[in-house]
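Before any comments, here is the structure.
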Amino acid sequence: MKKTLPVLLALVFVQQILIAQQAIEILESDEINCNVSSTGDLFNRFLDENLPGFEAPAGSGLRTMYAANLWIGGMSEEQTLKLAAETYEESGQDWFPGPLTNDGSASVSLETQEQWNQVWSANSEDVHNHQTYFNALAAGQPDPFQGSYIIPDWFFEWPAHGNISLGQDFYIAPFWDYNNNQFYDPENGDFPAFCGDQCLFFVFNDKGNIHTESQGQSIGLEIRAMVYSFDSTDPDIANTMFVKYIVINQGSETLTDTYVGLWNDFDLGNPSDDFVGTNVRTASNYAYNGDNLDEASSASAGYQETLPIQSMMILSGPYLDEDNLDNPLPDEIESAATGSYGPAGMGFGDGIADNERYGLCSSLAYANTSHPVTGVPQSPIGYYNYLRHAWLNGGEIVFSDYMYPGTSDPLNIGTDGVPTDMWNETTSNNAPGDRLMLAAMGPFTFSPGDYNPIDFAYVFSGGDEPDSMDPFVSHENREIAIKNYYRNQLYNCEYGVLLLSADEITHTTHVGVFPNPADDLLQISTTGFTGNVMLTISDATGRSVITENIYAGVQTMDVSFLNPGFYNLIIRDQKSQAVARLIVR
């Protein structure tokens, strides 16, 4: 939890050790600035004057988020709880920099952690210049840079490949393979592939050491992360910071009853006068000022009478367990014409089996205290109970699956269809104060080799809505616009292979494989591609084992001759590519 100054001084030595172990980088956009660390901490500025790390508007000195982090827990086959969860890294840490080995041991050396203790920064302007240069050369056109083009240094630093001699995955950070030889080589036209116009890429894991914050047993998780934003004239897009996690189970154990949580410490200007809520319609947690004046504090000058709203919205969570079906949205959600709602994310009713993804399954606000039931978790089971939407002692939270939903759950999803009274911080007679929230998704089965994407966004509204519009309605409209933008433009950019700016995207792509793992016949389905496309399947060393042209749509292929193991499947055309992980038994 956040500490007072005397306690902070007592923790300086511990935190200095932690800071020495992680790199911190700032993502700057036109409207929002934020910082991230190589160990997965979002917005936490550590000893930098103890300030929140999410600035909105950019350059204002006003801040809305103190910190955010990832929680994951599930049960092993022996019904042993495995869990990784962090808040501020004050008492230790559960996340560490670098990729894991893919041999089932999910190990990582200190040398690897030191090598990957970085946050890589990318920008679309350099990529567009690179494309322009090599496309002109390939077309036999004059050099548009008249001999002055120099490949940016950061292209050569991009961590495209892991070290296969150490047992790491061959492909780590995504890239556009210009000459289709499976190796990253910027001097031959290849370039980093990422989402957004500005992007931070980093890799972290839960096996670098024992879990000294949650005290949970390690799992073997590798997370490849992108935090990104777009340069756009659209105020909805410009005021949103996107986050993409690819969570990989590199261990040897299958976890059941697995939950993913996104933990957020909202500090909206003055952190002592906040209220929080849940918008079930848009799958978001949000904070707003609990009174009519956001006064100055040691953390911020305060927003004064301009009262903003800050939310964290789940765009799509982990996959539901496979059932060999393309499940439609529940009838009541379909009739609401929302496309997604509460626990239902993307992939329902789209013609593709087993790509359905969770939305927001539960939300919980808890006190920044040591209360044994409603306070800060002090044990692994406490963290896991919060993920399961129970109190620290396992007691049921009876009112709703969503804390403080207001009127945002007209379908009563959070109460199993039972209509209920209005529930928010005001009706609860709460006093404004410091607030912590957890958004959870699950349960699901997490098997060795599984890749699970998690997409979410931080949406800011700065109190600039028209006088006649309710600020909560205005913010919800912004969230709906972002969700539509994600659905139509960003969905299934699972491996960061979106190469165009926000105003240039023409279509989205996806490749699905079924069954996975495969024994003999493999069904490949593509979305967003038309005509002939290039299919490449490569093994863990990057060696191509299948390369051929296929027609977009649904194709069946014999893979019985492939050796058991992990493979990468890539579909590409002139403008886009999509990647899937394939396991052959």
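The values are calculated or read from the model by the stated rules, or taken from the named source; none is laboratory data. Note that this is a predicted model, so its numbers are computed, not measured. Here Cβ is always computed from backbone atoms with ideal geometry, including for glycine, and neighbour counts include all displayed protein chains. Keep in mind that these areas ignore ligands, DNA and RNA; they rest on the heavy atoms of the full protein, side chains included. Shrake-Rupley method; radii C 1.70, N 1.55, O 1.52, S 1.80 Å.
For Lys244, a cut-off of 15 angstrom between C-alpha atoms picks up these aspartates and glutamates, skipping any fewer than 8 places away in its own chain: Asp41, Asp197, Glu222, Asp455, Glu494. Peptides 364-371, 89-96, 449-456 ordered by packing proxy, namely the average of other Cβ atoms within 10 Å per residue, highest first: 89-96, 449-456, 364-371. Among Asp30, Asp539, Asp519, the order of accessible area from largest down is Asp30, Asp519, Asp539, computed with a 1.4 Å probe on protein heavy atoms. For the stretch 104-218, dividing the convex hull volume of the Cα atoms by the residue count gives 128 Å³ per residue.
May I ask you to order 36-43, 211-218 by the average number of other C-beta atoms within 10 Å around their residues, highest value first? Walk me through the numbers on the way to the answer.
On the way: 36-43: 25.9, 211-218: 19.9.
With the highest mean Cβ count within 10 Å placed first, the list reads 36-43, 211-218.
Note on Asn430 and Glu322: the model spin-label points, each 7 Å out from Cα along the C-beta direction, lie 4.1 nm apart. Solvent-accessible surface (1.4 Å probe) assigned to Ser29 amounts to roughly 20 Å². Rounded to the nearest 0.05, the FRET efficiency derived from the C-beta distance between Glu548 and His371 at R0 = 51 Å is 0.25.
For the stretch 356-468, what is the accessible area per residue in Å² when the probe is 1.4 Å? Please list the in-between numbers first.
Numbers: 4420 Å² over 113 residues.
Per residue, the stretch 356-468 has an accessible area of 39 Å².
Taking all protein chains as they are arranged and a probe of 1.4 Å, the heavy atoms of Asp558 leave approximately 80 Å² accessible to solvent.
Here the simple spin-label model places points 7 Å from the Cα toward Cβ, and for Asp185 and Met422 these points are separated by 6.6 nm. Note the listed values [x] 78, 65, 57; [y] 78, 64, 49; [z] 67, 57, 52, then indicate which one is Cα extents along the principal axes in Å calculated from this particular structure. Computing Cα extents along the principal axes in Å and matching it to [x] 78, 65, 57; [y] 78, 64, 49; [z] 67, 57, 52 gives [z]. The listed residues Thr306, Thr101, once ranked by accessible area (1.4 Å probe) with the largest placed first, stand as Thr306, Thr101. Rounded to 0.05, the FRET efficiency of the Asp126 and Thr407 pair, given R0 = 41 Å and the Cβ-Cβ distance, is 0.35.
Shown in residue order for the stretch 279-293 are the 3J(HN,Hα) couplings computed by the Karplus curve 6.51 cos²θ - 1.76 cosθ + 1.60 at θ = phi - 60°: 9, 5, 4, 9, 6, 9, 9, 8, 10, 8, 6, x, 9, 8, 8 Hz (x for Gly and Pro).
Not counting ligands, DNA or RNA, and with a 1.4 Å probe, what is Ser76's accessible surface area in Å² rounded to the nearest 10? Counting only protein heavy atoms, the figure is 0 Å². Here the Karplus relation 6.51 cos²θ - 1.76 cosθ + 1.60, evaluated at θ = phi - 60°, turns the backbone of the stretch 314-328 into coupling constants of 7, 8, 6, x, x, 6, 5, 4, 5, 9, 6, 10, 9, 6, x Hz, with x for every Gly and Pro. Computed in the context of the full set of protein chains, the accessible area of the chain at 1.4 Å probe radius has 50% of its extent on carbon or sulfur. Amide H contacts under 5 Å for Leu315: Asp455, Phe456, Ala457, restricted to partners 5 or more places along the chain or on a different chain, H placed in the peptide plane at 1.01 Å from N. Listed peptides 394-407, 250-263, 53-66, 473-486 appear in the order 250-263, 53-66, 473-486, 394-407 once ranked by packing, highest mean of other Cβ atoms within 10 Å at the front.
Here's how it looks for Ala193: its modeled amide H is under 5 Å from those of Phe175, Trp176, which are all 5 or more places away or on a different chain. Cα-based radius of gyration for the stretch 157-206, normalised by 2.2 N^0.38 Å, reads 1.21.
Applying 1/(1 + (r/R0)^6) with R0 = 60 Å to the Cβ-Cβ distance of Asp470 and Asn563, what FRET efficiency is obtained, to the nearest 0.05?
Numbers: r = 60 Å, r/R0 = 1.01.
That gives a FRET efficiency of 0.50.
Backbone geometry of the stretch 161-174 corresponds, through the Karplus equation with coefficients 6.51, -1.76 and 1.60 at θ = phi - 60°, to 3J(HN,Hα) couplings of 10, x, 8, 5, 5, 9, x, 7, 4, 5, 9, 10, 7, x Hz, x marking Gly and Pro.
Rounded to the nearest 20 debye, the dipole magnitude of the chain is 800 debye, with +1 charges on Lys and Arg beta carbons, -1 on Asp and Glu beta carbons, and the Cα centre as origin.
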